[in-house]
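Bear in mind that the values in this text are calculations on the coordinates, not laboratory data. Values in this document were obtained by computation on a predicted structure and should not be read as measured data. Virtual Cβ from ideal backbone geometry, glycine too; neighbours counted across all protein chains shown.
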Amino acid sequence: MSVTRILSRFDLLLFAGSMALAFLGILGVYSASLQSPASSAFSRQLIWTALGLFICFIVFSIDYHHLVDYAFHLYVLSIGLLVGILLFGKTINGSKSWLTIGGQNFQPSEVVKVIVILALTRYLSNLSEDYLKRQHFIALVVIAMIPVCLVVLQGDLGTALMYFPILGGMMLIGGLKFRFVAAVMALGLAMAPAGWLVLEDYQKQRILVTFDPDLDPKGYGYQTRQSQIAIGSGGLLGTGLGNGLQSQLGFVPEIHTDFIFALLAEETGLLGACLVLMLYLFVLSRMIRIGEQARDRSGILIITGIASLIFFHVVINVGMALGITPAIGIPLPLLSYGGSSALSTYAALGLALNVHYHRFVY
Amino acid sequence: MPIFQDNRKLVSRVRGLRTCFVLIFLVLFAKLWYIAVLKADHYRQLAKQNQVRIIPMLAPRGLLFDRGGQVLVDNVESSNLVLFRDKANDLEKVFEFLRGLNVPEEYLQERLHAARTRPKYQALTIKENLSLEEISYVLAHQNEHPELTIVEEPRRLYRYGQLAAHALGYIGEISEKQLKQADFADYRQGDIIGKYGVERTYDRNLAGTDGQRRLLVNSIGRTIEELHSVDAIHGNPQTLTLDLDLQLIAETELGETPGAVVAFDPVHGDVFVMSSHPAFDPNMFATRINRTDWAKLSSDPNHPLQNRVIQAQFSPGSTFKVIMAIAGLESGVIDPNDTVYCRGGANFYGHYFHCHKEQGHGTVNLSDAIRQSCNVYFYTLGQKLGIDNIERYSKLLGLGQVSGIDLAGEALGLVPSEAWKRKTTGQKWYAGETISVAIGQGATTVTPIQLARAIGIIATGHGAPLHLIKDQKLFRGPAMAVAASESDQLLRLENLQAVRNGMWRVVNEYGTGRSALVQGFEVCGKTGTAQTIGNAAKAKLSKEEAAKHPDNALFVGFAPRDNPEIVVCVIVQGGRSGGGVAAPIAGKIFQKYFDKKYGRPQGPEKITGPLQVASHAAELPPSAPPQGQPGIRQ
């Protein structure tokens, strides 16, 4: 196949949009790395980006139909991996969810999300009904909840939470009847008080301060408050890379991972922050477009899973920085420093490009 | 899998998903707008309240000890005034306030300009070593000037002021030029580094690692909370080879006269004394030196900033005769017993050359000639040797090249030769010039350390690597002069003995250097009285004019004669008489060395003039040796 042919079937715009985000992320991590605590982060981020692009290419080059065909095999392997880590993994920041490969810490639960998307796709694509039946619903919930339970057991609540938008989004697209939605919402509301009892005190605090950061300005409200100050004091054009007082002086914690949006907002201003959000919206709508044009149900479903995943990551992370969602430590896809998140995002990107590439039947 | 599926339902749902995405993103945009536009002033205000101050914690540099474990260079706490530029809203008011502390506005502007590339939240030192009055003045106005803070920082204290100033060196802020060099890539603007002497050579060993404190302060500058601090790591103390007692003698004896004294162990190369006068007080540099002082020092015609021991190039005068003697014996043109008859002068190449003794020395052999410093003997030897032989053996003894001591900026000196003259003047060498060179006049110049090293080679037969740092593993200096190893093989013991014999007689048999005599210590030496302008030039001047160019007095020597332990070289500029002025100084150093070695009672040294112990030190208890006393191990 000629190069032009390949290029004509390759979604350059989606790729370019993602790379623009990755570039902004590298700038942000560079700025954060000017302060000693994250000094090696910049070079590592470059390595992760290169590795991510490689994974992206691998995933892109295998026809997604084959991936869907083997989805259950991959799924079983993943579950095995999660169990293995639960038993033998490394504990970092209270989560026993880490694997150390060549000196680098790596969180497989991030990548398993992509495999769960494939498994759900596999199950849903074989259905011919317009709406899901009860047994389908139960099956889907089981497929998603097994890894969720394992990840919760590993102690990584934030990552576990991100399986829900995947499941929810894909079920909605797969055909969820309104009464199911209503039932789930009712159940959720009913469970809330019970759930509240289950949560640890610090988790409750985090949720409460979302609504009122001044409740605890030095504790859990602190992060949100400082991040808001960073965003609010950046002005239109920002202070310039490396000059953000809030970011550079260590007021905003986890600046290169969870709060990179605050750093970019302070140092590149409102314009930079808007650019980031626009780029995400652009990437997401490109993905939806790929879904619309997809050749089959499995293509649409994969896109749904990926888009929901990225969307929720962005909304929760940026929402946290802006102070409208609870402070859950999840990374901003393509921007935050971190290897596991980068690899799963690039794998997802590869899948989306893959679906686009195979949109026509030859 | 079917080729075509009816996806229409799914597609329409996916479109719904997009709408959902866009709506929720609108919420994000709205909140962003609310924070960054509508409430921007509010948050900017909050950001200002978040006043963090980064207070640098300068790491104290390693102390410097003399070879006996006495502290030469210490650190004391100094109260410094720092400015936080990000908190200074009105610089005019700051300028005005600082005038009350005698900080001129131009100086402050200069500091601000130099620091323009540093982040504004970093502290900028404005004035160092505040007095108690100044401290209370600042504290009294703290509320009006939250941008100013007093911090305690270590300051270098050179305990003996000008003593060994050129060897110890000084420190200062890294220059913009240095910052651009690869060697200083890990330094930042405002860092303090060693700029001269040992402080410079061993900067990396002496410097510690600076720390910093991050303080959360309120709007009037009071600390609310310490965020996190990185402690400074002290620099490693180092022991030098200098001997404080000997150094004190050299400094006192030289006094106000320009000159240089160097003494070292010719076997191991430990430099005991390095004194260059006039000197400067390195304590002046320990606070950021003010410009008028600097200008005064650098434009002083007596060059106090020059380390005469390694940088001043003098005519060796008669001290050169011992080098001539080695050249004559080694090249085989003379035998120690060959005699020359001195009648007070002799003709060479149509010119009459005088001896310093008008009535003549009579019949002299080599050791007589050295003892009495007979010019006619060495004229004759010079004629026999020829300039290129003189050049060869001068270089073999280390002249015309750096000694390799661990200090920067050594001068080369000059060893003339036919080729040198052709190259520099385009003229051929006149044989008559060789006659002047033979008695250490003419174009030959040496630095005191070169001359001393040549004597060391004669004393021991080999050139030891000269160093000021005691721990030789740390040694850092220019590539070693090659002559050392060559001379090891070339110089024959009987020739060395013949010259040493002559030098022994200089001191011990009523020779020119008898003032250097130390009972029981077998001092050997050679004096020199070197003209500072040529005979021809002198003849043109009036008597008064000529008196303005008095001869330099030199003495080089070593002791004891067998198994030498110390070489001393003294140059007193304008001292007029090597035997009368330079030799007694060397004698006192030999005597002190001898007394110390054999535990003779030593009277307290009287320290006069600029050598008084630094005033701060006088008020302080003696500095406690650092933990583990690494500096005192011998």
Report task. From other protein chains only, count the Cβ atoms within 10 Å of every residue's Cβ in A:296-302, then give the mean. Result -> 4
Report summary line: About its Cα centre, chain B carries a charge dipole, from +1 on Lys and Arg Cβ atoms and -1 on Asp and Glu Cβ atoms, whose size in debye to the nearest 20 is 1900 debye
Report summary line: Computed ³J(HN,Hα) along segment A:115-131: with the Karplus parameters 6.51/-1.76/1.60, θ = phi - 60°, integer Hz and x for glycine or proline, the list is 6, 5, 4, 5, 5, 5, 4, 4, 5, 6, 5, 7, 7, 10, 6, 6, 10
Report task. Provide Rg over Rh for the protein assembly as shown; use the alpha carbon set for both Rg and the Kirkwood Rh (inverse mean inverse pair distance). Result -> 1.19
Report task. Just report the Cα centroid separation between segment B:119-166 and segment B:185-257, whole Å. Result -> 15 Å
Query - Helical contribution to [θ] at 222 nm, DSSP H n ≥ 4, -39,500 (n - 2.57), averaged over the protein assembly as shown, rounded to 500 - result: -15000 deg cm²/dmol
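Efficiency by 1/(1 + (r/R0)^6): what FRET value for B:Gln178 and B:Tyr34, r their Cβ-Cβ distance, R0 = 35 Å, to the nearest 0.05?
With R0 = 35 Å, the Cβ-Cβ based efficiency is 0.10.
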Query raised in the report: Relative contact order of chain A: what whole-number percent is it, with Cα pairs under 8 angstrom and at least 6 residues apart?
Result: 28 percent
Query raised in the report: Any idea which of B:Leu81, B:Gly360, B:Gly575 is furthest toward the positive side of the dipole for chain B, if Lys and Arg beta-carbons carry +1 and Asp and Glu beta-carbons -1?
Result: B:Leu81
Query raised in the report: Could you give the dipole magnitude of segment A:12-357 about its Cα centre, charging the beta-carbon of Lys and Arg +1 and that of Asp and Glu -1, in debye to the nearest 20?
Result: 520 debye
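What ranking of B:Ser229, A:Ser247, B:Ser542 emerges when the number of other C-beta atoms within 10 Å of each C-beta is taken as an exposure proxy, fewest first? Intermediate values should be presented prior to the final figure.
On the way: B:Ser229 13, A:Ser247 31, B:Ser542 8.
Lowest to highest Cβ neighbour count: B:Ser542, B:Ser229, A:Ser247.
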Requested in this report: Please pull out the direction-averaged projected area of chain B, using the convex hull of its alpha-carbon atoms, in nm² to one decimal place.
Outcome: 46.4 nm²
Query raised in the report: Where does each of B:Ile458, B:Ile469, A:Ile146 land when they are ranked from fewest to most other beta-carbon atoms within 10 angstrom?
Result: A:Ile146, B:Ile469, B:Ile458
Requested in this report: Identify, among A:Leu277, A:Val68, A:His136, the residue whose Cα sits farthest towards the positive end of the charge dipole of segment A:12-357, taking +1 on the Cβ of Lys and Arg and -1 on the Cβ of Asp and Glu, with the dipole about the Cα centre.
Outcome: A:His136
Report task. Between B:Val27 and A:Phe88, with labels modelled 7 Å along Cα→Cβ, what's the label distance in nm to one decimal, could you check? Result -> 4.3 nm
Report task. Would you mind checking the tilt of helix B:40-49 against the longest principal axis of the Cα atoms of chain B, expressed as 0 to 90 degrees and rounded to 10? Result -> 40 degrees
Report summary line: Simple SL model, points at 7 angstrom along Cα→Cβ for B:Arg44 and B:Asp186; separation in nm is 4.1 nm
Report task. Would you please give the FRET efficiency between B:Asn89 and A:Val152, computed as 1/(1 + (r/R0)^6) with r the Cβ-Cβ distance and R0 = 60 Å, to the nearest 0.05? Result -> 0.70
Query raised in the report: Sorting A:Leu275, B:Leu98 on the 10 Å Cβ count, fewest up front, what's the list?
Result: A:Leu275, B:Leu98
Report summary line: Listed by chain and number, the residues whose amide H is under 5 Å from that of A:Thr257, excluding neighbours fewer than 5 places away on the same chain and using placed H, are A:Tyr337
Requested in this report: Would you mind checking which residues have amide H under 5 Å from B:Cys342's amide H? H placed 1.01 Å from N; only 5 or more apart, or other chain.
Outcome: B:His361, B:Gly362, B:Thr363, B:Val364
Query - Positive-end residue, segment A:248-338 charge dipole about Cα centroid, Cβ charges, pick of A:Asn317, A:Leu334, A:Gly299 - result: A:Gly299
Query - Net lengthening on full extension, A:Ala139/A:Asn243 (0.36 nm per residue, minus Cα-Cα) - result: 32.2 nm
Report summary line: Around A:Gly234 (Cβ within 10 Å, Cβ-to-Cβ, excluding A:Gly234; K/R +1, D/E -1) the net charge comes to -1
Report summary line: Of all DSSP beta bridges having both residues in the protein assembly as shown, the percent classed as antiparallel (nearest 5) is 95 percent
Report summary line: Note: segment B:187-284, point scatterers on Cα, Debye, no solvent; log10 I/I(0) at q = 0.10, 0.13, 0.18, 0.24 Å⁻¹ equals -0.50, -0.69, -0.99, -1.26
**Report entry** Full-extension gain in nm, A:Ser128 to A:Leu236, via 0.36 nm per residue minus C-alpha separation
**Finding:** 33.7 nm
Requested in this report: Find, among the trypsin sites (Lys or Arg not before Pro) in segment B:321-357, those assigned to loop by DSSP (not H, G, I, E, B) with at most 14 other beta-carbon atoms within 10 angstrom.
Outcome: B:Arg343
Requested in this report: Let me know the charge dipole size of the protein assembly as shown about its Cα centre in debye, to the nearest 20, where only the beta-carbon of Lys, Arg (+1) and Asp, Glu (-1) is charged.
Outcome: 2400 debye
Query raised in the report: Between the DSSP loop rule and a limit of at most 15 other Cβ atoms within 10 Å, which GluC sites (Glu not before Pro) in segment B:138-226 are left?
Result: B:Glu144
Query raised in the report: Using 1/(1 + (r/R0)^6) with R0 = 35 angstrom and r between the beta carbons of A:Ala50 and A:Lys204, what's the FRET efficiency to the nearest 0.05?
Result: 0.30
Query raised in the report: What whole-number value in cubic angstrom gives the convex hull volume per residue for the C-alpha atoms of segment A:12-357?
Result: 135 Å³
**Report entry** Amide H contacts of B:Ile171 (H built 1.01 Å from N, under 5 Å, at least 5 apart or other chain)
**Finding:** B:Lys195
Query raised in the report: For A:Val142, what is the net charge nearby, where nearby means another residue's Cβ is under 15 Å from its Cβ and Lys, Arg count +1, Asp, Glu -1?
Result: +3
